[in-house]
């Protein structure tokens, strides 16, 4: 016999049983019946685990949770379940029950977590987009925490690039807030990804849940990339979890005068994180670069288009400067740039600034 999800969930519903104790019981006993035999035989009486009535109440609560999960299309995975993510199973304190909305990929599909500050700069936004797109094009799943800022940007870019993403939340999967995050969660599931939590349906997020959520974001992944973070910052907590879990930790270096890069620069200085200097270097370090498709050379309808494109880079440039470099009027430059944008070669930023799309 082996532990079934219902039995593990029943243990989680027993008042007074800590997650650490439950994990020890799962390792010591083969199933709930085996555990009950030891309890009634006196081997566990000193732990005051549960009486018959307490167990019945725990079983009732577990059944309620399972029925609610079925109604919502949520799949609870218990720690002993063969489908439980193997990397996550082996961290110090894995979730005893992982609630999954959507679909988890096979163990062979790499997961890369991309995290950062909620109030990111334009630099952070562009870096998150570039790295997220590069990761999904290399066949990886991008994982993050569904928070505003870098997390949301990483999820959205992965979806826009046609890839898969996982979101780990700090509430029940039916209590995702704000509404924009709930809508993004629906998009993630609809495109074949998954939203995950260690909290049962109906549980609202509390401040203490967010740091604990971060250990799952790192535990699911083979590598964690911190894009931008201040000091202190939740992304630094994720990086420390990843470091302690033996994951590869990377950070994007930033301007030394930028508050939002203080955390990433500190991670690099303390040798917790390796500098991520480009998506190509990052993927090459992880052995994933060969899996990414080679970019195709763009084609242009006129020499003017080509001159404009060649003037662009990954740094935003104003249309006035681009027109000057191409030696054409500003209105003509705008018309060509919009045509390039329609073809997916150029991106327009606020204030009539432009960058290459990739």
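The values are calculated or read from the model by the stated rules, or taken from the named source; none is laboratory data. On a predicted model such as this, the values are computed, not experimentally measured, just so you know. Every residue, glycine among them, receives a Cβ derived from its backbone with ideal geometry; neighbour counts consider all protein chains shown.
Being part of a loop (DSSP other than H, G, I, E, B), in contact (Cβ under 8 Å) with a residue 12 or more places away in the chain and within 21 Å of residue 218 (Cβ to Cβ) is a property that does not hold for residue 108.
Of the residues making up segment 156-191, those that are closer than 24 Å to residue 94 by Cβ and either out of contact with any strand residue (DSSP E or B) (no Cβ under 7 Å at 6 or more places or on another chain) or part of a loop (DSSP other than H, G, I, E, B) (or both) are 164, 169, 170, 171, 172, 173, 174, 175, 176. Quick check on residue 154: is it surrounded by fewer than 23 Cβ atoms within 10 Å (Cβ to Cβ), in the same structural domain as residue 249 (by TED's automatic domain parsing) and under 27 Å from residue 350 (Cβ atoms)? Considered against the rule, which asks whether it is surrounded by fewer than 23 Cβ atoms within 10 Å (Cβ to Cβ), in the same structural domain as residue 249 (by TED's automatic domain parsing) and under 27 Å from residue 350 (Cβ atoms), residue 154 comes out as no.
The residues of segment 233-282 that are without any contact (Cβ under 8 Å) to a residue 12 or more places away in the chain and either outside any helix (DSSP H, G or I) or within 16 Å of residue 125 (Cβ to Cβ) (or both), listed by number, are 246, 256, 257, 270, 271, 278.
Would you tally the residues in segment 302-352 being under 22 Å from residue 278 (Cα atoms), touching a helix residue (DSSP H, G or I) at 6+ places or on another chain (Cβ under 8 Å) and not in a loop (DSSP other than H, G, I, E, B)? Explain how you work it out, then say what you get.
Taking segment 302-352 first, the residues under 22 Å from residue 278 (Cα atoms) are 309-317, 344-349.
Next, only the ones that are touching a helix residue (DSSP H, G or I) at 6+ places or on another chain (Cβ under 8 Å) stay: 309, 311-312, 314, 316-317, 345-349.
When the remaining residues are screened for being not in a loop (DSSP other than H, G, I, E, B), the result is 309, 311, 317, 346-349.
So the count comes out to 7.
Quick one: is residue 328 outside the structural domain of residue 123 (by TED's automatic domain parsing) and more than 21 Å from residue 126 (Cβ to Cβ)? Considered against the rule, which asks whether it is outside the structural domain of residue 123 (by TED's automatic domain parsing) and more than 21 Å from residue 126 (Cβ to Cβ), residue 328 comes out as yes. Taking the conditions exactly as written (in contact (Cβ under 8 Å) with a residue 40 or more places away in the chain, under 22 Å from residue 243 (Cα atoms) and in a loop (DSSP other than H, G, I, E, B)), does residue 80 satisfy them or not? Judged against the criteria, residue 80 is not a match. Before we move on, is residue 102 outside the structural domain of residue 14 (by TED's automatic domain parsing), closer than 25 Å to residue 186 by Cβ and in contact (Cβ under 8 Å) with a residue 40 or more places away in the chain? Yes: the conditions hold for residue 102. Right, residue 68: buried (at least 17 other Cβ atoms within 10 Å of the Cβ) and assigned to a helix (DSSP H, G or I) or not? Taking the combined requirement at face value, the residue does not satisfy it.
If a residue has to be in a loop (DSSP other than H, G, I, E, B) and surrounded by 20 or more Cβ atoms within 10 Å (Cβ to Cβ) to count, how many in segment 192-208 make the cut? Walk me through it before giving the result.
Quick first cut of segment 192-208, residues in a loop (DSSP other than H, G, I, E, B) only: 192-193, 198-208.
After this cut, where a residue has to be surrounded by 20 or more Cβ atoms within 10 Å (Cβ to Cβ) as well, the list is 193, 198-201.
The number of residues fulfilling the criteria is 5.
Only one of the numbered conditions (1) under 19 Å from residue 120 (Cβ atoms); (2) touching a strand residue (DSSP E or B) at 6+ places or on another chain (Cβ under 8 Å); (3) outside any strand (DSSP E or B) is not met by residue 142, and that is (3).
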